[in-house]
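What follows is a short report on a single structure.
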Amino acid sequence: MNLHVDIVSAEGEVYAGPAAMVFVIGEMGELGILPQHAPLLTRIRPGPVRICHDDEPEELLFVSGGLLEVQPHQVTVLADTAERAAEIDEAAAQRAKRRAEDTISSAADQVSLARAQAELAEAVARLEIVKRIWTQLP
């Protein structure tokens with residue numbers, strides 16, 4: 001038994017297909033979703049979406065946040081932005097991390113600080129996915 005998974009962003013569909021299990025980072029922590037999961041609607045944090053298959057390698061994607069809807073046989077991720085792990089630009093993520101750290105250290109107001117902290121969380125999540133890819137290589 002499988003789930004149908006749709007991951008979409010403003011740019012378009014990033015993934016559509018079956019999965020044996022899906023892992024997403026929700027507001028309260030990591031969620032593991034299997035077929036027959038109870039209905040759920042929650043915000044998601046920047047980080048990986050892992051799509052597990054019975055007989056194929058796991059697929060790894062990055063989402064910058066958004067919403068997760070779970071139905072017994074359907075998982076939908078409405079992401080602010082989403083990309084496949086292999087498409088992440090590590091150098092750009094490093095630059096974004098440094099920029100956010102610089103902004104945090106010199107933030108003039110709470111709005112600038114909160115925005116920089118969100119940008120830092122997103123950059124760090126991208127870099128963690130890149131690191132995970134490198135550790136999985138043979």
Cβ-Cβ distance below 9 Å, separation of 6 or more or different chains: which pairs start in the stretch 15-28 with a residue that is in the same structural domain as R43 (by TED's automatic domain parsing) and end on one that is small (G, A, S) and crowded, with 16+ Cβ neighbours inside 10 Å? Y15/A82; V24/G47; I25/G47; I25/A125
Heads up, the strands (runs of 3 or more DSSP E) in the stretch 40-138 (entirely inside) with at least 3 residues that are of a type in the set (A, V, I, L, M), closer than 19 Å to G26 by Cβ and under 12 Å from the mean Cα position of the chain (by Cα) are 40-52, 59-63, 74-79
Scope the stretch 1-39; condition more than 18 Å from E128 (Cβ to Cβ), of a type in the set (D, E, K, R) and part of a strand (DSSP E or B); matching residues: D6, E13
Exactly one condition in (1) within 17 Å of P46 (Cβ to Cβ); (2) hydrophobic (A, V, I, L, M, F, W, C); (3) out of contact with any strand residue (DSSP E or B) (no Cβ under 6 Å at 6 or more places or on another chain); (4) touching a residue at least 12 places away in the same chain (Cβ under 8 Å) is not met by A114; state its number. (4)
Filter the stretch 26-79 for residues that are of a type in the set (S, T, Y) and in contact with a helix residue (DSSP H, G or I) (Cβ under 8 Å, 6 or more places away or on another chain) and give the result. S64
For residues that are surrounded by 15 or more Cβ atoms within 10 Å (Cβ to Cβ) and among the hydroxyl-bearing types (S, T, Y), tally how many sit in the stretch 68-116. 3
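Here's the yes/no breakdown for (1) aliphatic (A, V, I, L, M); (2) under 22 Å from L34 (Cβ atoms):
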site: V63; (1), (2): yes, yes
site: P72; (1), (2): no, yes
site: E87; (1), (2): no, no
site: A91; (1), (2): yes, no
site: A96; (1), (2): yes, no
site: R99; (1), (2): no, no
site: D102; (1), (2): no, no
site: S105; (1), (2): no, no
Could you tell me which numbered condition Q36 fails, if it satisfies all but one of (1) modelled with pLDDT of 90 or more; (2) in the same structural domain as A123 (by TED's automatic domain parsing)? (2)
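The values are calculated or read from the model by the stated rules, or taken from the named source; none is laboratory data. Treat the numbers as computed from the prediction; the structure is a model and nothing was measured. In this analysis, Cβ positions are derived from the backbone assuming ideal geometry, glycine residues included, and neighbour counts consider all displayed protein chains.
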